[in-house]
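Step one of this worksheet: look at the structure below.
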Amino acid sequence: MASPSDRRYSQTHEWCKVNGNEAVIGITQFAADQLTDITYLELPEAGSKITAGSPCGQIESVKSASDAIAPVSGEVVAVNTAVRDEPGLVNSDPFTAGWLLRIRMSDPAEFDNLLDAAAYDALTAG
Amino acid sequence: MKRNSEPTIFEKSRPGANEGRYTPAPDPASPGAAELLGESAGDVLAETPLPLPQLGELDVVRHYTHLAGKNFSVDANFYPLGSCTMKYNPRVNEWAAAQAGMADLHPLAPASAVQGALKLMYDLRTYLAEIAGLAEVTLAPAAGAHGELTGLQVITAYYKSRGENRTKVLVPDSAHGTNPASCTICGMSAVAVRSGRDGRIDLDDLAGKLDNSTAALMITNPNTLGLFESDIAAIAALVHSAGAQLYLDGANMNAIVGIVRPGEFGTDAMHFNLHKTFSTPHGAGGPGSGPVAVAKHLTPFLPVPQVVRKGQAYELDCARPDSIGMVRSFAGQFGVCVRAWCTIRTHGPEGLRRMSETAVLNANYLAAALRDLLPLPYDDHCMHEFVLSAHPASYEGHGLAGQIAKRLIDYGFHPPTVYFPLIVPEAMMIEPTETESLEMLDAFVAAFRVIVAEFEADPGSLVHAPFDASVARVDEVAAARKPVLRWRPTRQ
């Protein structure tokens, strides 16, 4: 299934959707499928700073514990509390209801370095 | 096997069931709690009796005998749990550890009263230093991860003494999860180093990440894919040229004891897992023991107390001004040390080498048989363990490693470690150890072959395995998302 073309993607399987100088980030369907059933999410509090390329949360599944890597840098303005209470949302709807963080970007140019949907889907096809 | 889940002892309780049959009478000469406490009894004694289960003694004995029969142990069945080294625990070790002179010692007994125990500890730390090829060993850490933490604290103290601030620790992406966790607990930060296509550390990635803030590379050798890091000399040279330490996670020592000494390939600090390599009972949480061996420049920082010999006498020495201090109560996990000492003495140097050689031979025998059934992504001569990928190209689903693992229970085998290391999809990490017979290895291969055939005939057939175990497939997702952490009585 093709990834949504209204956003960009990191090599480490996070997506990033921009609105003005804010970005919403989450993990891709591919990542959610690889992790299998997600059981617990540890996400930063609103107000914390995250840095592109560094961990911005931890995702535990029945298989493993993995870092979510920030695709862009900035300050967390909102955290999806719904996925904390119901981590399965990230499996069932990673691109919409399963979003993780809303960020005020400190360097919007970082977004342009990310992959578009076609390039990301090519990455995960191989 | 009939599916039969044993009720809890609380569910078996019936009011008054502990009366009228075998009931030991209280000793009339022994004072009751109220008498012992005197005036303060009213303040501290419970006002209502505790809701303890009421059963006759025989019913209690039967309850726990039934539970014991459900226990899966290496004494009863093959237990190829990768990286855990679930080998036979020789009876002589248990005999020795149960002697009154070992089992009944008080940890605060004066050194003069426990010379034999102190000599045993001194001997053990000397043997382990010889096996490590390093200067000195502490027996204090209580488990492997505790050994990692102790080793990192020693390294931190070393750099502090030199006025250097190094807090970055490089950890390969195939490492045990305890490695980055130990770094974090120690106030350091872990940075992953990539594995190359051959499953070994990518030297270019390592070189690019080493700098003057790097305290150590934590390496597991052989690594968790069961592969010997054949570039270890070059790796050690790179690490040392950056002024950093080479830390060896000794979880996989069962492949190399008596064959190669880690100090000779450049290791500065390492831990042993006595409960793995040196054959002491483990699983289900211990007890473990994680002695740490270090090179000469790190010895001043080892924890106290250290057992030392002064002339013909042994004592516990706390006078080490640069020591990181105590890392646990008293002087280590003594009962485990007794068993490890026994293992070393009953094998002898040649026997220990044969132990490792046989462990490697058994693993290669199993790998050669099983690689025809499932992909073996890093297809190389393995050491003491190997990692299959239950992800055949023809199969698009997920979860096959877990399904095969559960089905193995029906055939009387403990499942291998699954979904680790993370760099292998649908990983199945198999470690037979040296103590299994050829017949047992063949029986395991035969069961594995039947299970893979079951899957090929009907890819959905294993989803609900195990079918014959006393507990059916448990809902691991619900258990993780909505854990029930204690049993509660239903009000009547």
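The values are calculated or read from the model by the stated rules, or taken from the named source; none is laboratory data. Worth saying up front: this structure is predicted, and the values here are computed from it rather than measured. Quick reminder, even Gly has a Cβ in these numbers, built from the backbone with ideal geometry, and neighbours come from all protein chains shown. Remember, those area values only see protein heavy atoms, side chains included, never the ligands or the DNA or RNA. Shrake-Rupley method; radii C 1.70, N 1.55, O 1.52, S 1.80 Å.
Checked against (1) open to solvent by 10 Å² or more (accessible area, probe 1.4 Å); (2) within 14 Å of chain B (Cβ to nearest Cβ), residue A:83 meets all criteria but (1). Would you call residue B:473 under 15 Å from residue B:408 (Cβ atoms), open to solvent by 50 Å² or more (accessible area, probe 1.4 Å) and within 14 Å of chain A (Cβ to nearest Cβ)? Answer is yes for this residue. All conditions but one from (1) more than 30 Å from residue B:334 (Cα to Cα); (2) open to solvent by less than 10 Å² (accessible area, probe 1.4 Å); (3) polar (S, T, N, Q); (4) at pLDDT 95 or above apply to residue B:174; the one that does not is (4). Once segment B:326-372 is narrowed to residues that are in a helix (DSSP H, G or I) and of a type in the set (Asp, Glu), the residue that is surrounded by the most Cβ atoms within 10 Å (Cβ to Cβ) is B:357.
You will find that of B:444, B:455, the residue that is buried (at least 18 other Cβ atoms within 10 Å of the Cβ), modelled with pLDDT of 95 or more and more than 18 Å from residue B:84 (Cβ to Cβ) is B:455 and no other. Scanning segment A:4-28 for residues that are surrounded by fewer than 22 Cβ atoms within 10 Å (Cβ to Cβ) and outside any strand (DSSP E or B), we see that the one that is farthest from the other protein chains (Cβ to nearest Cβ) is A:20.
Of note, residue B:485 does not satisfy the criterion of being within 14 Å of another protein chain (Cβ to nearest Cβ) and outside any helix (DSSP H, G or I).
For residue A:117, the conditions (1) in contact (Cβ under 8 Å) with a residue 60 or more places away in the chain; (2) surrounded by 20 or more Cβ atoms within 10 Å (Cβ to Cβ); (3) more than 14 Å from chain B (Cβ to nearest Cβ) are fulfilled apart from (2). Cβ-Cβ distances below 8 Å connect the following pairs, each with a first residue in segment A:56-68 that is more than 8 Å from every other protein chain (Cβ to nearest Cβ), a second residue that is among the hydroxyl-bearing types (Ser, Thr, Tyr) and open to solvent by less than 50 Å² (accessible area, probe 1.4 Å), and a separation of six or more residues or different chains: A:58/A:66; A:59/A:66; A:61/A:36; A:61/A:39.
Taking the listed residues B:14, B:62, the one that is surrounded by 11 or more Cβ atoms within 10 Å (Cβ to Cβ), without any contact (Cβ under 8 Å) to a residue 12 or more places away in the chain and not assigned by TED's automatic domain parsing to the domain that holds residue B:410 is B:62, with no other qualifying. Listed conditions (1) away from every other protein chain (no Cβ under 14 Å); (2) over 23 Å from the mean Cα position of the chain (by Cα); (3) open to solvent by 30 Å² or more (accessible area, probe 1.4 Å) are all met by residue B:463, apart from (1).
Picking from residues in segment A:86-109 that are buried (at least 21 other Cβ atoms within 10 Å of the Cβ) and more than 14 Å from every other protein chain (Cβ to nearest Cβ), the one that is farthest from residue A:32 (Cα to Cα) is A:103. All conditions in (1) out of contact with any Lys or Arg (no Cβ under 8 Å at 6 or more places or on another chain); (2) free of Cβ contacts under 8 Å to residues at least 40 places away in the same chain hold for residue B:230, with the sole exception of (1). Only one of the numbered conditions (1) part of a helix (DSSP H, G or I); (2) touching an Asp or Glu at 6+ places or on another chain (Cβ under 9 Å); (3) without any contact (Cβ under 8 Å) to a residue 40 or more places away in the chain is violated by residue B:157, and that is (3).
Just to be sure before I move on: is residue B:90 more than 24 Å from residue B:251 (Cβ to Cβ), touching a residue at least 40 places away in the same chain (Cβ under 8 Å) and surrounded by 10 or more Cβ atoms within 10 Å (Cβ to Cβ) in the structure I sent? When the stated conditions are applied, residue B:90 does not pass them. Of all the criteria given as (1) part of a helix (DSSP H, G or I); (2) in contact with a strand residue (DSSP E or B) (Cβ under 6 Å, 6 or more places away or on another chain); (3) open to solvent by 50 Å² or more (accessible area, probe 1.4 Å), the one not satisfied by residue B:425 is (1). Residues being part of a strand (DSSP E or B), over 16 Å from residue B:359 (Cβ atoms) and within 14 Å of another protein chain (Cβ to nearest Cβ) are entirely absent from segment B:392-415. Kindly evaluate residue B:126 against the criterion of being surrounded by 12 or more Cβ atoms within 10 Å (Cβ to Cβ) and in a helix (DSSP H, G or I). Considered against the rule, which asks whether it is surrounded by 12 or more Cβ atoms within 10 Å (Cβ to Cβ) and in a helix (DSSP H, G or I), residue B:126 comes out as yes.
If I ask for residues that are surrounded by fewer than 18 Cβ atoms within 10 Å (Cβ to Cβ) and either within 14 Å of chain A (Cβ to nearest Cβ) or not in a loop (DSSP other than H, G, I, E, B) (or both), which ones from segment B:177-189 would you list? Correct list: B:177, B:181, B:184, B:185, B:189. Has segment B:306-325 got any residue that is open to solvent by less than 20 Å² (accessible area, probe 1.4 Å) and in a helix (DSSP H, G or I)? The answer is no, given that none of the residues of segment B:306-325 is open to solvent by less than 20 Å² (accessible area, probe 1.4 Å) and in a helix (DSSP H, G or I).
Would it be correct to say that residue B:29 is more than 30 Å from residue B:486 (Cα to Cα) and part of a helix (DSSP H, G or I)?
Details: more than 30 Å from residue B:486 (Cα to Cα): yes; part of a helix (DSSP H, G or I): no.
So residue B:29 does not fit the description; no.
Checking each residue in segment B:132-146 for being outside any loop (DSSP other than H, G, I, E, B) and open to solvent by 20 Å² or more (accessible area, probe 1.4 Å) picks out B:136, B:145, B:146.
Restricting the search to strands (runs of 3 or more DSSP E) fully inside segment A:37-79 and requiring at least 1 residues that are open to solvent by 50 Å² or more (accessible area, probe 1.4 Å), in contact with an Asp or Glu (Cβ under 9 Å, 6 or more places away or on another chain) and within 19 Å of residue A:17 (Cα to Cα) gives A:55-61.
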